[in-house]
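Working notes for the structure below.
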Amino acid sequence: QVQLVESGGGLVQAGGSLRLSCAASGRTFSTMAWFRQAPGNEREFVAAITRIGLNTYYTDSVKGRFTISRDNAKNTVYLQMNSLKPEDTAVYYCAAAARTIPPRRGDDYAQWGQGTQVTVSS
């Protein structure tokens, strides 16, 4: 069974850090990404990473603060979030695609996790 399981969300004060993890099972994925959705907002691309070459992509609002990485041996992707801001508050979703795809389009990802809540207090 193909599955993505996120962990690591929580409540943190502004300026703090969190590390999200997404463990994949059932197959390996070429492109893995993080999206987020805040209440009343559309789902937003956050970051992505490829399996081959470990190419990374970020939305402008998180560049310099968030770092995406992956451990191919563990089939796991991580999102290290530093200098968190209240506007980073959202449910964060892990997404995965079997092939290399344009990383920012959510519709291109076939596999999604259940989401993990990140809340940043001011």
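Values computed for the structure shown
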read-out: Interchain or long-range residues, amide H under 5 Å from Val46's placed H; value: Trp34, Phe35, Arg36
read-out: Spin-label zone in the stretch 27-41 - amide nitrogen under 19 Å from a point set 7 Å from the Cα of Arg105 along the C-beta vector; value: 30-36
read-out: Table column - 3J(HN,Hα) (Hz), the stretch 9-26, Karplus curve with 6.51, -1.76, 1.60, x for Gly and Pro; value: x, x, 9, 9, 7, 3, x, x, 10, 9, 10, 8, 10, 9, 9, 9, 9, x
read-out: Stokes-Einstein D in µm²/s, Kirkwood radius over Cα pairs - the stretch 56-120 at 25 °C with 0.890 mPa s viscosity; value: 186
read-out: Highest-MSF residue in the chain out of Arg27, Arg99, Arg43 [GNM, Cα springs under 10 Å]; value: Arg27
read-out: Of the GluC sites (Glu not before Pro) in the stretch 20-122, those whose Cβ has at most 14 other Cβ within 10 Å and which sit in DSSP loop; value: Glu42
read-out: Modelled label reach - Ser17, point 7 Å along Cα→Cβ, the stretch 26-60 residues with backbone N closer than 12 Å; value: none
read-out: Accessible area in square angstrom per residue, the chain, 1.4 angstrom probe; value: 50
read-out: FRET efficiency for Ser61 and Ala98, using Cβ-Cβ distance with R0 set to 25 Å, rounded to 0.05; value: 0.35
read-out: Hz values of 3J(HN,Hα) by residue in the stretch 31-43 - Karplus curve (6.51, -1.76, 1.60), Gly and Pro given as x; value: 10, 10, 8, 10, 10, 9, 9, 8, x, x, 10, 7, 4
read-out: Mean-position separation - Cα centroids, the stretch 21-38 and the stretch 58-115, in angstrom; value: 7
read-out: For the chain, built as a Gaussian network whose Cα springs stay under 10 Å, the top-fluctuating residue of Ala73, Ala48, Ala96; value: Ala73
read-out: Apportionment of accessible area to carbon and sulfur, the chain, percent (1.4 Å); value: 46
read-out: For Ser30, residues with placed amide H under 5 Å, excluding near neighbours; value: Ala97, Ala98, Arg99
read-out: Rg and Dmax [Cα atoms of the chain; Å; Rg one decimal, Dmax integer]; value: 13.3, 40
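The values are calculated or read from the model by the stated rules, or taken from the named source; none is laboratory data. The shown structure was predicted, so the numbers you read here are calculated from the model rather than taken from an experiment. Note that each Cβ is placed from the backbone with ideal geometry, even for glycine, and that neighbours are counted across all protein chains shown. Accessible surface areas use protein heavy atoms only, side chains included; no ligands, DNA or RNA. Shrake-Rupley method; radii C 1.70, N 1.55, O 1.52, S 1.80 Å.
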